[in-house]
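Reading through the structure tokens given below for one structure.
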Amino acid sequence: MGEVILLVALLVCAAHVLTFAAPRETKRRIGVIVVDIQGDFTTAKAGSLAVEGTDQSFIDKAEKAASSLMRKGYVIFATQDWHPSDHISFYTNHSGKNAFDVIRINGRTQVLWPPHCVQNTENANVLLDRELFQAIVKKGKDKRFDSYSGFKDDGGATTEMDALLKRHGIRELIIYGIATDYCVKATAIDAADAGYKVTVIEGLCRGVDPQTTAVALQEMKERGINLEKELRG
Ligand code: VGL
Ligand code: ZN
């Protein structure tokens, strides 16, 4: 009698797992990373490192895409460039250097940028509705290292991104944002290297420079990243 009750209980549990857990798992498998849509990278907010084609209509398009994906059950994350004012990537922290100079530091190549996305400044804010995001992952907090990737910085320190995605059972990612040739590229490549199936939506990305953007798209493609012109469906 005891065995029968145990068996029934086990079957009921198994049925529960199959009917409830399994569909939720599959539905929640696709994640979205919206990369660095912040004031300083946009013309809309007259940012210090404004990327061409980032007026309010681009921000609206990026926001509509995120809310449409959210309604379909995708889990949305954002990255946020979040630098201290003495960050290594700012040309103002290197005497005699200019914006966009490229230097070598500790065996690494570093592009020197205008100061941007300084912690707790207005233009460091993510411009899309925060309610869209399951989490916003900050990066570039360590003054010694740049961090184009949302997964890890140039010193190898990881963010919480991979653990967050794993916690949500995500194995597939849609990635878009700013800038195609820097943070989108680095985030997409690290995601692919970590085993995620990655799609980058070109029409929802903007690049710093047309030439490096073309090279970045080619490199992503060679690494097995899917490139789509626009969001489908
Ligand atoms: C980025 C340059 C410096 C980016 C961040 O979001 O692509 N680019 N910091
Ligand atoms: Zn930066």
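The values are calculated or read from the model by the stated rules, or taken from the named source; none is laboratory data. Model, not experiment: these values are computed from the prediction. Glycine also receives a Cβ, built like all others from the backbone with ideal geometry; neighbour counts cover every protein chain displayed.
Tabulated data
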{"read-out": "Unmet criterion (only one of (1) more than 16 Å from ligand 2 (Cβ to nearest atom); (2) surrounded by 20 or more Cβ atoms within 10 Å (Cβ to Cβ); (3) polar (S, T, N, Q)) for Ser57", "value": "(2)"}
{"read-out": "Count of the stretch 161-197 residues which are more than 16 Å from ligand 1 (Cβ to nearest atom), on the phi < 0 side of the Ramachandran plot and over 12 Å from the mean Cα position of the chain (by Cα)", "value": "13"}
{"read-out": "Any hit, the stretch 108-126, residues being hydroxyl-bearing (Ser, Thr, Tyr), crowded, with 20+ Cβ neighbours inside 10 Å, under 18 Å from Tyr182 (Cβ atoms) and touching a strand residue (DSSP E or B) at 6+ places or on another chain (Cβ under 7 Å)", "value": "no"}
{"read-out": "Output for the stretch 125-145, where each listed residue is under 21 Å from Asp86 (Cβ atoms) and more than 15 Å from the chain's Cα centre (by Cα)", "value": "Lys141, Asp142, Lys143, Arg144, Phe145"}
{"read-out": "The stretch 22-31: number of residues that are crowded, with 23+ Cβ neighbours inside 10 Å and at pLDDT below 95", "value": "0"}
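To keep it simple, each residue is scored yes or no on (1) buried (at least 17 other Cβ atoms within 10 Å of the Cβ); (2) modelled with pLDDT under 95; (3) out of contact with any His (no Cβ under 9 Å at 6 or more places or on another chain); (4) not aliphatic (A, V, I, L, M).
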{"site": "Ile33", "(1), (2), (3), (4)": "yes, no, yes, no"}
{"site": "Asp40", "(1), (2), (3), (4)": "yes, no, no, yes"}
{"site": "Ala50", "(1), (2), (3), (4)": "yes, no, yes, no"}
{"site": "Gly53", "(1), (2), (3), (4)": "no, no, yes, yes"}
{"site": "Lys61", "(1), (2), (3), (4)": "no, no, yes, yes"}
{"site": "Ala66", "(1), (2), (3), (4)": "yes, no, yes, no"}
{"site": "Arg71", "(1), (2), (3), (4)": "no, no, yes, yes"}
